[in-house]
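Below: the structure, in structure tokens.
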Amino acid sequence: MKLIIMGAPGAGKGTQAEILSEKLGIPTISTGNILRAAVRDGTPVGRKAKALIEAGSLVSDDVIIGILNERLGHEDCANGYILDGVPRTLAQADMLHAEGVEVDAVIDIDVSDEAIEKRMTGRRTCSGCSATYHVAFNPPATEGVCDHCGGRLTIRKDDLPETVRHRLEVYHAETEPLLDYYEREGKLLRVNGEQSLEATTASILAALEELEI
Ligand code: AP5
Ligand code: MG
């Protein structure tokens, strides 16, 4: 199964992608996580992307296309994958199409801008494996420590309130138009992301079941 998870910054894409990845036995490909690892490791891509990510602006389509081409060639993608945070522009969607990548469904996790601004202040991200937590809504067993790998939990630099507002503007201008693109293809599944984590997962699974993939 090949899925795209879409939604505004902080809608819960990463959180739901991790859960679905485990349930469906397919990997998640998060361009955000790949870029943050590149920044941490100081690679050429990381050096190009660092300032853009920290400002909440999009990294160029060329860089994203390069990352995706490389990652989709790995063996673990043979039975499918979940794309988290990509495509994010019409050019990226066109590129996937041109490369013959046909996804089964596009899940849009719908959350209002107001709810997102509240959520982002409580997010914590594992510095080791990129797992996502929330201090109130999805806390780790031990404060500041990742349940999966024992890594240190950190606050992302782009989670400052003014940066989150800019990311929301970029989302509405550049990424939201893709919802129409996938709706026209009959692939869009809209899910209410303002429910609890568990209820949101249940809504996604119910929507996928209806597709009978
Ligand atoms: P990326 O890492 O993709 O960030 P994003 O899209 O801004 O989304 P987030 O990761 O911030 O949020 P999320 O939807 O994954 O929510 P989460 O599950 O964490 O991209 C970062 C940057 O990289 C971009 O700004 C850009 O510069 C660059 N980039 C990446 N991909 C690119 C591309 N394709 N093209 C160009 N540039 C690209 O949840 C948020 C919080 O809410 C967490 O604390 C979570 O625990 C909590 N939460 C989740 N669900 C619920 C719920 N139901 N109830 C309560 N709390 C919840
Ligand atoms: Mg994410």
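The values are calculated or read from the model by the stated rules, or taken from the named source; none is laboratory data. Keep in mind that what you see is a predicted model, and the values were worked out from it rather than measured. A quick note on method: Cβ atoms are made from the backbone with ideal geometry, for glycine too, and the neighbour counts reach across all protein chains shown.
When Leu58 is evaluated against the numbered criteria (1) near ligand 1 (Cβ under 7 Å from one of its atoms); (2) assigned to a helix (DSSP H, G or I); (3) of a type outside the set (D, E, K, R), which criterion, by number, is the only one it fails?
With (1) near ligand 1 (Cβ under 7 Å from one of its atoms); (2) assigned to a helix (DSSP H, G or I); (3) of a type outside the set (D, E, K, R) applied to Leu58, the lone miss is (2).
Residue check: is Arg124 of a type in the set (Lys, Arg), within 11 Å of ligand 1 (Cβ to nearest atom) and not in a strand (DSSP E or B)?
Spelling it out, it is not the case that Arg124 is of a type in the set (Lys, Arg), within 11 Å of ligand 1 (Cβ to nearest atom) and not in a strand (DSSP E or B).
In segment 126-145, how many residues are under 19 Å from the mean Cα position of the chain (by Cα), without any contact (Cβ under 8 Å) to a residue 60 or more places away in the chain and either surrounded by 16 or more Cβ atoms within 10 Å (Cβ to Cβ) or on the phi > 0 side of the Ramachandran plot (or both)?
Residues in segment 126-145 being under 19 Å from the mean Cα position of the chain (by Cα), without any contact (Cβ under 8 Å) to a residue 60 or more places away in the chain and either surrounded by 16 or more Cβ atoms within 10 Å (Cβ to Cβ) or on the phi > 0 side of the Ramachandran plot (or both): 3 in total.
Please enumerate the residues belonging to segment 69-79 that are part of a helix (DSSP H, G or I) and either away from ligand 2 (no atom under 16 Å from the Cβ) or surrounded by fewer than 18 Cβ atoms within 10 Å (Cβ to Cβ) (or both).
The initial filter retains those residues of segment 69-79 that are part of a helix (DSSP H, G or I), namely 69-72, 75-77.
Asn69, Glu70, Leu72, Glu75, Asp76, Cys77 - these are the residues of segment 69-79 that are part of a helix (DSSP H, G or I) and either away from ligand 2 (no atom under 16 Å from the Cβ) or surrounded by fewer than 18 Cβ atoms within 10 Å (Cβ to Cβ) (or both).
Just give me the residues in segment 98-117 being of a type in the set (A, V, I, L, M, F, W, C) and either without any contact (Cβ under 8 Å) to a residue 60 or more places away in the chain or within 11 Å of ligand 1 (Cβ to nearest atom) (or both), in sequence order. Talk me through it step by step, then tell me what you get.
Start the filter on segment 98-117 by keeping residues that are of a type in the set (A, V, I, L, M, F, W, C), which leaves 98, 101, 103, 105-107, 109, 111, 115-116.
The answer is Ala98, Ile109, Val111, Ala115, Ile116.
Could you check, for segment 23-46, whether at least one of its residues is near ligand 1 (Cβ under 10 Å from one of its atoms), part of a helix (DSSP H, G or I), among the β-branched types (Val, Ile, Thr) and under 30 Å from Ala206 (Cα atoms)?
yes
I need the full set of residues from segment 95-113 which are assigned to a helix (DSSP H, G or I) and either modelled with pLDDT of 95 or more or within 16 Å of ligand 2 (Cβ to nearest atom) (or both), in order please.
Scanning segment 95-113 gives a single hit, Asp113.
Among the residues in segment 24-45, are any on the phi > 0 side of the Ramachandran plot, among the small types (Gly, Ala, Ser) and at pLDDT 95 or above?
Within segment 24-45, one or more residues are on the phi > 0 side of the Ramachandran plot, among the small types (Gly, Ala, Ser) and at pLDDT 95 or above.
Residue pairs, Cβ under 6 Å, 6 or more apart or interchain, first in segment 62-86 and closer than 22 Å to Glu176 by Cβ and among the hydrophobic types (A, V, I, L, M, F, W, C), second assigned to a strand (DSSP E or B) and at pLDDT 95 or above. List them.
Ile82/Leu3; Ile82/Thr28; Leu83/Ile4; Leu83/Ile29
Residues in segment 80-96: is at least one over 19 Å from Glu174 (Cβ atoms) and exposed (fewer than 14 other Cβ atoms within 10 Å of the Cβ)?
No, segment 80-96 contains no residue that is over 19 Å from Glu174 (Cβ atoms) and exposed (fewer than 14 other Cβ atoms within 10 Å of the Cβ).
Could you go through segment 190-211 and let me know if any residue there is in a helix (DSSP H, G or I), in contact with a helix residue (DSSP H, G or I) (Cβ under 6 Å, 6 or more places away or on another chain), surrounded by 12 or more Cβ atoms within 10 Å (Cβ to Cβ) and not β-branched (Val, Ile, Thr).
Looking through segment 190-211, none of the residues is in a helix (DSSP H, G or I), in contact with a helix residue (DSSP H, G or I) (Cβ under 6 Å, 6 or more places away or on another chain), surrounded by 12 or more Cβ atoms within 10 Å (Cβ to Cβ) and not β-branched (Val, Ile, Thr).
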